[in-house]
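Scroll down for the structure; my scribbles are underneath it.
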C-alpha cells in the first residue's frame, strides 16, 4: 500500500492536496480509512506550514505534528538527506 501511494504522491505537498475522498478510496483496504486519510492530509499540511515542506529530522519535531503517529510523518521521508541525518 505505502509503495503504491508513494508512486503517485512523492512529497508532503502532493499528499496535502489529495482530495480526501480520493485518498479514502486508495487506502480503503487498510481499515479506518476515513480517519487515516484525514491524518495523512493533516500531517502533510502541517509539514508544509511549519517546515516549508521539509520533513523534520528530529523526533521532537515529528511528535509535535497534529495527529502524529510514527508512520505518516516518517513515511514522507523515504531517504533523509545528509543534513537531516546530522541533526539527530
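Coordinate-derived values only; no laboratory data. Since this is a predicted model, take the numbers as computed values, not measurements. For neighbour counting, all protein chains shown are included, and Cβ atoms are generated from backbone atoms with ideal geometry for every residue, glycine included.
A few notes on this one:
- Estimated at 0.36 nm per residue, the fully extended path between residue 10 and residue 59 surpasses their Cα-Cα distance by 15.5 nm.
- With the simple model of a label 7 Å out from the Cα in the direction of the Cβ, residue 32 to residue 52 spans 3.4 nm.
- Burial ordering of 29, 64, fewest other beta-carbon atoms within 10 Å first: 29, 64
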